[in-house]
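The values are calculated or read from the model by the stated rules, or taken from the named source; none is laboratory data. Keep in mind that this is a model prediction, so the values were computed, not measured. Counting neighbours? That spans all protein chains shown, and the Cβs are built from the backbone with ideal geometry, glycine included.
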Amino acid sequence: MKFFIIILIITILSTTIYPFVLRINEPGLKSLSTFTQKWMEKTIKNSTFSPYIHKINRGIASGQITLSNITLSNFLPPGISYHPHDSGFLEMISSNGKSDIIADWDIYSEYLTYLKFPLKGKVYGTVSGLKSEVAIKINHENNFIIHQCSAQFNTFELKLSGSFAANVLHFFRDVIAKALKRRGEEYYCQMVKESLIPWLKKEIIRLPEFFEFNYDGKVSVSQSLTHIDITNHFLELEMNNKIYSSTGSIIETVSPSPLKSYNNTPIPIRMMEIFISEQTIQEVITSAHMGGQFKSNFTSPFLQTDCDGLCLGILLPGLKNEVGSTQLRIFVRSTIPPIIRLQNQKALMLLNVSLEIYRNEPFEIENLGNDLTDNVISDITSVFSTSPIDYSVLSINIHCEADLQLRISEKKLRGEVGIRESRAQLKENKFSEMGQQTVDLIVNMSLPFLEDAIYGFLENGLDISEIIKIPSSNEVILIQQGFVHILADLEMYKGI
């Protein structure tokens, strides 16, 4: 699908001081929590633990105990929740969770060696009831810094077996359990700092990759993360975008941030919100026009000059006398970049187009472009052919105002255009014998032809997957004053 819809889509995800704002709401943070929980289950289950040495400084068992080959089994990750704060902190709270621990132990003790018993065996433990709070600060360089990490296990059960020494060590079980519990709490914060936070940063800052768009090699938009803003209600990724055109131009858009009032939408909140500014959309529309994207041609049985039923030749008999029995085709292209104004619930489009009528005869055309899927003729990228004959027989300039409505249904973005004011003017007439009255009738009929062309651009819609390259659901699009506002639920965490 082309024309206005394509252009709105190409920018899907722009606004700002930063032209692209991706807002992660509470449902999105809950999904991120689930993602983190799954990552933790996979990561900790496959973790290796360095040997742990605990020193005993008094009693007959004074010496040291070494725990090695530490493994986890029956690991149940803790529940995770993220809470953003206006102070700029993202808080991660962990609770509950459970795991069984198995390790080899051996003991070195100057006194117990005299017992002549093996001083090694197995240790079995169960840890549960984790309570943890981690405060993450995201600075202006988008570095994720742990400001604070606390972790506490409510339950740490320990059992030693393997030799007579194990019976002796049961007297010190509470001491060992407390030491191992403390070590486990330290390990949790170490794991958060060294593994979880780098992973979390990587997953968040790579989000711009999923919103890059390329249309037919003619216009493309790429995003780059500029700043991450944290408030009490959401996480905002603010981005700059670059618009590339086949003409060689590169545009960076700068436009105002979405108003806070836009948080109050008339529909249930989604995981993600996207704000596309009017200025950004206008820049993309201009680039698309300069790249020759706003053009198409079509024909239909109605454009025949001779038929048994209803066709243009029946309504205008002079056509057959002028061009013979043939089927005409219509080529529509923008003459200047369309202008868009985003209002509440609709977009106002100001269009200036050229509508040209051709004989439907074979000829060579340079730089063939994209055509409507149901057309029976080749697309025309230039009104001039490489043959010595110019087949354009009539050219009309049309200026019009149109209302554009957008909706998302069946995983496609669709548009509907209603022309409310228009003015058509004859530009060129190559009919040599056709009367002025017949020409005037064709000019007056140009508006329905333009409506047919626009309908052809919009009828097939555009797959949402061309816009958001993350599996999504429950997509909704709203047009608000100065912004296009898209809401969606994401399923980006399925594959972990």
- Task: From the list Ile477, Ile470, pick out the single residue that is surrounded by 20 or more Cβ atoms within 10 Å (Cβ to Cβ) and not basic (Lys, Arg).
- Result: Ile477
- Task: Could you tell me which of the residues Ser94, Ser81 is touching a helix residue (DSSP H, G or I) at 6+ places or on another chain (Cβ under 6 Å) and assigned by TED's automatic domain parsing to the domain that holds Arg182?
- Result: Ser81
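Conditions tested, residue by residue: (1) in a strand (DSSP E or B); (2) at pLDDT below 85; (3) under 26 Å from Thr34 (Cβ atoms).
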| site | (1), (2), (3) |
| --- | --- |
| Gly456 | no, yes, no |
| Asn460 | no, yes, no |
| Ser465 | no, yes, yes |
| Ile468 | no, yes, yes |
| Asn474 | yes, no, yes |
| Ile479 | yes, no, no |
| Asp489 | yes, no, yes |
| Met492 | no, yes, yes |
| Gly495 | no, yes, yes |
- Query: Residues in region 311-342 that are surrounded by 14 or more Cβ atoms within 10 Å (Cβ to Cβ), modelled with pLDDT of 85 or more and of a type outside the set (Val, Ile, Thr): how many?
  - Reply: 13
- Task: Please state which of the following conditions Gln437 fails to meet, knowing it meets all the rest: (1) surrounded by 14 or more Cβ atoms within 10 Å (Cβ to Cβ); (2) farther than 16 Å from Ile408 by Cβ.
- Result: (1)
- Task: Determine the pairs where a residue that is over 12 Å from Leu237 (Cα atoms) and in the same structural domain as Lys38 (by TED's automatic domain parsing), located within region 192-210, has a partner that is β-branched (Val, Ile, Thr) and surrounded by 15 or more Cβ atoms within 10 Å (Cβ to Cβ) with Cβ atoms under 6 Å apart, the partner being 6 or more residues away or on another chain.
- Result: Val192/Val134; Lys193/Ile146
- Query: Restricting attention to region 275-302, and to residues there that are β-branched (Val, Ile, Thr) and surrounded by fewer than 24 Cβ atoms within 10 Å (Cβ to Cβ), which single residue is farthest from Ile243 (Cα to Cα)?
  - Reply: Thr299
- Output the residues belonging to region 299-344 that are outside any loop (DSSP other than H, G, I, E, B), among the β-branched types (Val, Ile, Thr) and within 42 Å of the chain's Cα centre (by Cα). Ile330, Val332, Ile339, Ile340
- Item | Count of residues meeting criterion [over 28 Å from Ile477 (Cβ atoms) and either outside the structural domain of Leu328 (by TED's automatic domain parsing) or in a loop (DSSP other than H, G, I, E, B) (or both)] in region 409-454 | 7
